[in-house]
1. Go through segment B:313-338 residue by residue and tally those that are surrounded by fewer than 14 Cβ atoms within 10 Å (Cβ to Cβ) and of a type in the set (A, V, I, L, M, F, W, C).
2. Give the residues of segment B:212-256 that are within 26 Å of B:Asn144 (Cα to Cα), out of contact with any Phe, Trp or Tyr (no Cβ under 8 Å at 6 or more places or on another chain) and charged (D, E, K, R), sorted by residue number.
3. Kindly indicate the residue of segment B:339-364 that is over 22 Å from A:Asn187 (Cα atoms) and crowded, with 19+ Cβ neighbours inside 10 Å and also nearest to the chain's Cα centre (by Cα) among those meeting that condition.
4. Taking into account only those residues within segment A:163-196 that are more than 18 Å from the chain's Cα centre (by Cα) and closer than 14 Å to A:Val75 by Cα, which is nearest to the other protein chains (Cβ to nearest Cβ)?
5. Working only within segment B:338-369, note down all residues that are assigned to a loop (DSSP other than H, G, I, E, B), closer than 21 Å to B:Trp27 by Cβ and away from chain A (no Cβ under 14 Å).
6. Evaluate the following for A:Leu205: is it assigned to a helix (DSSP H, G or I), in contact with a helix residue (DSSP H, G or I) (Cβ under 8 Å, 6 or more places away or on another chain) and more than 7 Å from every other protein chain (Cβ to nearest Cβ)?
7. Tally the residues that are under 15 Å from B:Val20 (Cα atoms) and touching a residue at least 60 places away in the same chain (Cβ under 8 Å), restricting the search to segment A:171-222.
8. For segment B:284-337, give me every one of the strands (runs of 3 or more DSSP E) that falls completely inside it and has 2 or more residues that are closer than 23 Å to B:Asn241 by Cα.
Amino acid sequence: MYKAILYKEWIKIKWVLVGFAAICLAVLVYIGLDSRHNIEMSGAIKTWLLIIQRKVLYYSLLKYIPLFAGIALAVAQFVPEMTKNRFRLSFHLPIDEKRMLLFMILIGLLTNMLVYILIIVGLMITGSAFYPQEIVLSSLITVTPWLLAGIAGYLAASMIVIESTWKNRIILSIISIAYFNLLFLENGYNEYRFSFWYYFIVVILFSITILFPGYRLRKGSK
Amino acid sequence: MLNKISRYAIILIIVTISAVHLPNFYWKLFGKRISRPIIYYSPVIDDFVYFKLGKNNKLNYIDASGKRYNRKKFEALLPFDFYRDLDKWGVLPDTIKGIPIDVSFIRKNSQSFRISPYKLHNPLIQLFPLFESKSNFTNLELPNELFRIGTKIEFITAETNTINDSLTKIFTEKLTETGFSFPATFIDGNPTTRKPFDEGYFIVDSKGFVFHVKRVKGKPFCVKTNIPADLGIRKIFISENPRREFYGTILTQSEELYLLTYDNYKIIKLPLDGYNPDKMSLVFLANPIYRVIRYSGSESRVCVVTDKNYNLVDTYEIKVTPLSKTITGKIEKFIFPFTINTRSGRSKYVNFDVNFSGFQSTYGIIISLLICFFVKKYRRENLMHNFFDFIIIAVSGMYGLLAVLLVKPELWD
């Protein structure tokens, strides 16, 4: 049963995954080119100090990609289920609807992780080519809230798509956007060092939010 | 059961987000500017003077005895602070307390710096440029490498992103020779080219001793200072100034502030009663006669005056009504049982600080509980089925009320 669901999910999300992997690669290559160009034009030491002292984030082009990837994956996974009430069919499958939803979410999360691994490895490779290890490490620490926003975006979008009424969808969207906003507050590097885990806990809460709209869907609540 | 938990997860998320954003909206809507007086010390009348925003939104100029001045008269009391204006009007006195003064004399004998709380809460990559401090040219130039201190002092050449072995070797040897025990506890300097000259870095080693490290004609300069290792140094602020009286200041864990002087690294404790570096910003002003130090938090503004040898002359304090004690602040505590702060001017970090409002919020909570009760009655919900809703409101007040009413419960299986 799970294998069949996995196959079904894969059909829905493969092109989104490929698309975002391509976008990430392109952006990472651009970051590399941009770094090379800056170092060539203004000198390595100035470029380094601009990053260290003025806190210019040379990888800021990546900022919203995880969030968009998360939302796109959720849409790809759950919108086809919601059109023509297809998802209601799966309530007749010999599997608990809660388990199924959580399994689908798990697949989506792992797919998101693939994008994140690409981002992290890419930052390590492009970073080490031009910058000392301290700067590379700070880039990895600085992108973690953005990756967390990707996970939150995926979970929130799944919940919003599964929700059956537009009124609730709007409420949940406002709340989700208000939360995403909190993960993009940085003006420099390493700024979430002491508070990251609090924001992480809130994202853990997001991980089971899909069940309630799922339940409403099964009940046919308005 | 899991479906119920899922609903509460959504509710908790709403509570958290409301606690961040709603108080913010509240202050954006009702926040008022409060008057924060700025205190000076007048060498003309030997007393404190200050100006503050009056009721009519105009600045009032007052001295410590309560006498009022107009702006021009006020500035005339403070020739060291407003000498440019006084000079423009042609009323700069020739002597003050017997000392002949003019614009260039005042300028040469003045110095100021500021210590703000965010400087203590600021993420910083630990890589520093070591400037050539005895260059043949006037302007400071960026070196080709940055240094880090681990088990040795390592120089990384930026152009090639590789370790410069020869610099690493001579500096590590020099530091070891001087008695430096690796690694460093912290490194403080003023790594900018926008300063008149360079004094390098003050580096605290693993045993707590302070070392002064510079690059002089490409060679290492390293001195083990006699600053006590048990001083409990928290941070050293370096600011080079042509007066060459002190390198900067040393802040200790016990919130004492010392000047680090050119006199063989002798340290002088500044008489700052009640100074809290995490919450207050401090301004130091040296003029030809006095040293004036102002520090201010949300509840008070203090001005300390010392003579040139840092003996206390006088202090003056003005109490300020903090935002939390204004009517708007009190109503905030009534409405919101707690708030979550993410950003503050006192830190460069993004926080997640939960501040509880205390007992005042009980009223708000009771009102929220009653509203919830009546709405549920009106919606004909069974009160006992979702009793946990009330517990959430009892803890989170109106945030909980908002969340519980927005996310209506279902008829559970």
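1. Number of matching residues: 1.
2. Hits for segment B:212-256 are B:Lys217, B:Lys219.
3. Here is the first cut: in segment B:339-364, the ones over 22 Å from A:Asn187 (Cα atoms) are B:339, B:355-364.
If we keep only those that are crowded, with 19+ Cβ neighbours inside 10 Å as well, we get B:339, B:357, B:361, B:364.
Details: B:Thr339: 22, B:Ser357: 24, B:Ser361: 30, B:Gly364: 34 Å.
The qualifying residue nearest to the chain's Cα centre (by Cα) is B:Thr339.
4. Checking each candidate, the answer is A:Glu163.
5. B:Ser357, B:Gly358, B:Gln360
6. Values: assigned to a helix (DSSP H, G or I): yes; in contact with a helix residue (DSSP H, G or I) (Cβ under 8 Å, 6 or more places away or on another chain): yes; more than 7 Å from every other protein chain (Cβ to nearest Cβ): no.
No; evaluated as a whole, the condition is false for this residue.
7. Summing the residues that are under 15 Å from B:Val20 (Cα atoms) and touching a residue at least 60 places away in the same chain (Cβ under 8 Å) in segment A:171-222 gives 2.
8. On the way: elements: B:291-296, B:300-306, B:312-319.
So the answer is B:291-296, B:300-306.
The values are calculated or read from the model by the stated rules, or taken from the named source; none is laboratory data. Because the structure is a prediction, the values reported are computed rather than measured. Neighbour counts are summed over all protein chains in view; Cβ atoms, including those assigned to glycine, are modelled from backbone coordinates with ideal geometry.
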